[in-house]
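Colleague: Below are the C-alpha cells for one structure; questions will follow.
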There are 2 protein chains.
Amino acid sequence: MIINTHFGEIPQSYLFSEVAERVRRYEAQHPDAAVLRLGIGDVTRPLAPAIIDALHAAVDEQATASSFQGYGPEAGYAFLREAIAAGEYGSIGVDVSADEVFIGDGSKSDSANVQELFSLSAKVAVTDPVYPVYVDSNAMAGRLGTFDGERWTGLTYLPCDDGNGYRPALPAAPVELIYLCSPNNPTGTTMSRTELETWVAYARETGAVILFDVAYRAFITGDEVPRSIYEIPGADEVAIELGSFSKTAGFTGLRCSWTVVPKKLRRDGASLNAMWLRRQSTKFNGTPYIVQRAAEAVYSAAGSAQVQADVDYYLANARLIRSTLEAAGLNAVGGEHSPYVWFRCPGGMDSWAFFDALLERAQIVGTPGVGFGPTGAGHFRLSAFNTAEATQEAAERLARLIPTLV
Amino acid sequence: MIINTHFGEIPQSYLFSEVAERVRRYEAQHPDAAVLRLGIGDVTRPLAPAIIDALHAAVDEQATASSFQGYGPEAGYAFLREAIAAGEYGSIGVDVSADEVFIGDGSKSDSANVQELFSLSAKVAVTDPVYPVYVDSNAMAGRLGTFDGERWTGLTYLPCDDGNGYRPALPAAPVELIYLCSPNNPTGTTMSRTELETWVAYARETGAVILFDVAYRAFITGDEVPRSIYEIPGADEVAIELGSFSKTAGFTGLRCSWTVVPKKLRRDGASLNAMWLRRQSTKFNGTPYIVQRAAEAVYSAAGSAQVQADVDYYLANARLIRSTLEAAGLNAVGGEHSPYVWFRCPGGMDSWAFFDALLERAQIVGTPGVGFGPTGAGHFRLSAFNTAEATQEAAERLARLIPTLV
C-alpha cells in the first residue's frame, strides 16, 4: 500500500457537507422556499468598521516597497502575539507571555494539527458529542483504531447529556490526550471552575495533556465561567489552549486564530512550546500580514466595542431560540455564554429525521446532533448566527412546528 | 512516550533561522554596515496595483452584510479554481479542470501536508540539494528512519551537481514518492521535456507518485522548458503539482497557492483527488476570501502585465549575479528561468565558511548550500529578490571579493 489507508476508514460524509447537500437538494426542488439557516456556525454580521479600516491600511502598506511585508515570522508578528497575551490573558489576570502565543490561520487547522506533536500510540479522549475535527484528525493519523459504524475502537468517549448534566466523567481507563471545549461546541454548555480544577488535577496526576478549545469564549457573559483553562493554577503544566477570531470578531472568512503552548508544558523531556514552534516553522508560513493587522484591531477601543456589540446581537438570538424551545416543552441547554442551543429532538425523533422535518415543514436548517458523536443521537443543534429578523421568524416557525411533533 | 519522538531526531536549526541568527548577530556588532540580502527567497517589490485594487474591493465587500463572505469552500472559491485552470493550464494547452485545482495558503503548507495522503511506510526520494520542507515534513511523520548527522537512513537522495549536469539519475532501488522541483529551488536549474518524460515513464512503470513543485514557473522565459508536468502525456496518472503566487506575484506575505490533484490519479483503489479534498475539508478552512480575490487579479489583463514586469525585474538581477560570478571564474547555474543562482564556493571553501566571509567581508547575505542537503556542501545560493540597485552593488562587491578567495 502506498496510500494512507486510514483515510478510507473514516465515514464518508463530513457532517456539514451532508447538511449542505440536503439543503441544496431541497432548495433545487423548492426554489421559492424561504430557508432560514441556523445550522453551520458561520457568522452573518459583516466585519466591524475598525477591522475594515485596519485591513485597508494594511493593504496600502503592501502597495509600497518601503512598507511592504513579505514572509512574516511563522509564529506570528510580535504586535499580535503581544496584543493577545495582554487582551485575552493579562485582562483576566492570567500570565501568558507573547512567546507562548502562536498565530494560526484558524482553530480548525490548529486543532487538527496539534495532534502531530504526540505519539501515534497516545490514547485519546473526547467528550461526546464533540467537534468532529478532533476525531477525524486523529483518525487520519491512525491513532483511533477502526470505526465500527458508530465508534472508533481506540477512542475514549466521555458522554455528555442530560443524564450527567453535560459534565463529562473522568476516563475510566488511562488516556494521554484529552480534548475539552468550553463554551462547548456543539452543546453550548460551559465548564465550571470546579470542573476544570478536577480535569487539571487529573492531568497533573497522570501526565495527560489537555487540549482546551476556547473558540467561543467571547460569548461568556459573567466571570463565574472560566474564560481560559489557565485560570486554574497548574494548568500551564498540562494544557494547550486554542483560541479563534472567527466567532469573536467575524473572521470565518478572514482566518485567524491563536494557540497557547506554555513554556512550562514539558513531556518526555521535551518542551511542547519548542515542538509547536518547530512544527509551525516547518509546515506553515504564517498568517497573512494584513489579517494579523485586522486581528490586532479587535483589541483597539473602537474594535473591542464593535465586536462586543456583534456578540451581544448573537447572544440575544441565542436566548430567543432557547426560550422558544423551552416554551414548547423541550429541555434545551446552551444559548447563554454561547451561540449554540442543544436539545433532544421532540417526540423521540432521530437527528436526521428531525433535520428533514425541520427543513421540509419549517424551512429551517439546523445541525443533526448525531453528526457530533454517538451520544448526540436524537439531539439537535441550532445556532444564533443569523439576523435578529430571521431568528424571530425561525422562532415563530419552531413554536408552530414542535407541538405537532411531540 | 506521549510525544512524537521524530521531532527530536530532526537537526535542531532550520536553515533560514540559522542564517537569520548569524545576520542578527553581525548587524548587532556592526550597526552601520550596509548589509545586502540575497539569501532567503523573499520578494521585495510591493504588490502590483491591480492586486491592491482587488484587495481593497474585497475588503469593502466584507464591510456589508449583503456581500460579506464567511466560511468559503475548503477547496477554494470556484472563481479562483477556474482562473488557475484557465490561466496556468489552458493557456499552455494542458487540460486541468477546476475541480482538480485546490487553493491553499502557501506551497510550504501544501508541500508539507501532501505526504499525509501516503502510507508511513512509503519510500521517499528527493533530489539533493532540495527544499528542506519536503524532507522535514516526512521526517516529522516518521517516514525517514534516523538522521546520521548528514543523511536520513530511510531517504533516497538523488544527487545533483556539476558532475551530472544537475540531472538526477533514476533511483537505484524502488521508491514510491518522488519530489521534483523545476525551476529548481535551490539550484535554479530546469528539467527538460525529455528528462520529465523519463520520470513520468518511471512512475507509470513502478506506480510511484511524483510531487512536482512549480513554485518558480513564472520565471520560465521560453516554451522549450516545460511549465507543468502535465505537458507530458500520462503525467495526470502519476503526478500531483504544487504552484504558488508567492514568487509569481509577490504573495509571500499574502499567502496563496494551488495544488493540482488529477482525477485520473489513483492508487490502491483510491482517488487521490478525493483524499486531498477530504484532508483539506477536515484540517483546513480555506484561504481568506480577500486573498483569493487578490490571486484572481493576477489573471486580469492589468494584473498579468504588472506581475510579469516584476518577474522581468528580478530576472535581470538574476542574470547580473550569474554573469558576475562567471566573470570571476566560478561555475554558476540558474539565473535564467529562475531567480536563484547556484555555484561551488570559491577556493574549495565550505558553505558556512563562505557564508561568513561573504557577510563579514562584503556584507552580503546568501544561503549556504549545505543547508539544502549533503550534495549542497561546498555550494552556495544567491537570490535575485532585491532591488536592481542593491543587486548592482552586490555584484560589484562580489567581483572584488571572489578573486581574493580563489
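The values are calculated or read from the model by the stated rules, or taken from the named source; none is laboratory data. Not measured: the values here are computed from a predicted model. Note that each Cβ is placed from the backbone with ideal geometry, even for glycine, and that neighbours are counted across all protein chains shown.
Colleague: Of everything in region B:337-379, what is among the acidic types (Asp, Glu) and either closer than 22 Å to B:VAL135 by Cβ or in contact with a Phe, Trp or Tyr (Cβ under 8 Å, 6 or more places away or on another chain) (or both)? Give them in sequence order.
Modeller: Residues satisfying the conditions are B:ASP350, B:GLU360.
Colleague: Here is a check on your reading of the model: is B:TYR134 outside the structural domain of B:VAL333 (by TED's automatic domain parsing), at pLDDT 95 or above and either of a type in the set (A, V, I, L, M) or in a strand (DSSP E or B) (or both)?
Modeller: no
Colleague: I'd like the residue in region A:236-295 that is β-branched (Val, Ile, Thr), within 10 Å of chain B (Cβ to nearest Cβ) and farther than 21 Å from B:ASP136 by Cα and, out of all such residues, is nearest to the chain's Cα centre (by Cα).
Modeller: Restricting to residues being β-branched (Val, Ile, Thr), within 10 Å of chain B (Cβ to nearest Cβ) and farther than 21 Å from B:ASP136 by Cα, the top hit is A:THR252.
Colleague: Just to check your reading of the model, which residue among A:ARG255, A:ARG279 is in contact with an Asp or Glu (Cβ under 8 Å, 6 or more places away or on another chain) and within 21 Å of B:GLN69 (Cα to Cα)?
Modeller: Details: A:ARG279 fails: within 21 Å of B:GLN69 (Cα to Cα).
None of the others qualify; the one that does is A:ARG255.
Every residue, every condition in (1) at the interface with chain A (Cβ under 9 Å from one of its Cβ atoms); (2) of a type in the set (Lys, Arg), yes or no:
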site: B:ASP105; (1), (2): yes, no
site: B:ALA122; (1), (2): yes, no
site: B:THR127; (1), (2): no, no
site: B:ARG151; (1), (2): no, yes
site: B:PRO159; (1), (2): no, no
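Colleague: Further, regarding this structure: Looking only at region A:239-259, how many residues end up being of a type outside the set (Val, Ile, Thr), in a helix (DSSP H, G or I) and touching a residue at least 12 places away in the same chain (Cβ under 8 Å)?
Modeller: Looking only at that region, the number is 4.
Colleague: May I pose another question? Specify which of the listed residues (A:GLU100, A:GLU116) is in contact (Cβ under 8 Å) with a residue 40 or more places away in the chain, within 14 Å of chain B (Cβ to nearest Cβ), of a type in the set (D, E, K, R) and closer than 28 Å to A:THR248 by Cα. Spell out the reasoning first.
Modeller: Details: A:GLU100 fails: within 14 Å of chain B (Cβ to nearest Cβ).
One residue alone meets the criteria, A:GLU116.
Colleague: Only one of (1) surrounded by 15 or more Cβ atoms within 10 Å (Cβ to Cβ); (2) among the hydroxyl-bearing types (Ser, Thr, Tyr); (3) free of Cβ contacts under 8 Å to residues at least 24 places away in the same chain is not met by A:SER338, so which one is it?
Modeller: Going through (1) surrounded by 15 or more Cβ atoms within 10 Å (Cβ to Cβ); (2) among the hydroxyl-bearing types (Ser, Thr, Tyr); (3) free of Cβ contacts under 8 Å to residues at least 24 places away in the same chain one by one, A:SER338 breaks only (3).
Colleague: Considering only region B:146-179, state which residues are in a strand (DSSP E or B), under 21 Å from the mean Cα position of the chain (by Cα) and under 15 Å from B:THR375 (Cβ atoms).
Modeller: Selection gives B:LEU155, B:THR156, B:TYR157, B:LEU158, B:PRO159, B:TYR179.
Colleague: Over 21 Å from B:ASN317 (Cβ atoms), at the interface with chain A (Cβ under 8 Å from one of its Cβ atoms) and among the β-branched types (Val, Ile, Thr) - does that describe any residue in region B:35-56?
Modeller: Yes, the conditions are met somewhere in region B:35-56.
Colleague: While we're here: Scan region B:197-235 for residues that are more than 14 Å from every other protein chain (Cβ to nearest Cβ) and assigned to a strand (DSSP E or B) and jot them down.
Modeller: B:PHE212, B:ASP213
Colleague: Sticking with this one: When residues of region A:60-83 are filtered for being of a type in the set (A, V, I, L, M), within 7 Å of chain B (Cβ to nearest Cβ) and touching a residue at least 12 places away in the same chain (Cβ under 8 Å), how many remain? Give the steps one after another, and end with the answer.
Modeller: Residues of region A:60-83 of a type in the set (A, V, I, L, M): A:63, A:65, A:75, A:78, A:80, A:83.
This time we only want the ones that are within 7 Å of chain B (Cβ to nearest Cβ), so: A:63, A:65.
Filter once more, so that each one left must be touching a residue at least 12 places away in the same chain (Cβ under 8 Å): none.
Within region A:60-83, residues that are of a type in the set (A, V, I, L, M), within 7 Å of chain B (Cβ to nearest Cβ) and touching a residue at least 12 places away in the same chain (Cβ under 8 Å) number 0.
Colleague: Next question, about the same structure. For the condition surrounded by fewer than 22 Cβ atoms within 10 Å (Cβ to Cβ) and of a type in the set (D, E, K, R), what is the one hit in A:ARG255, A:ARG266, A:ARG279?
Modeller: The match here is A:ARG266.
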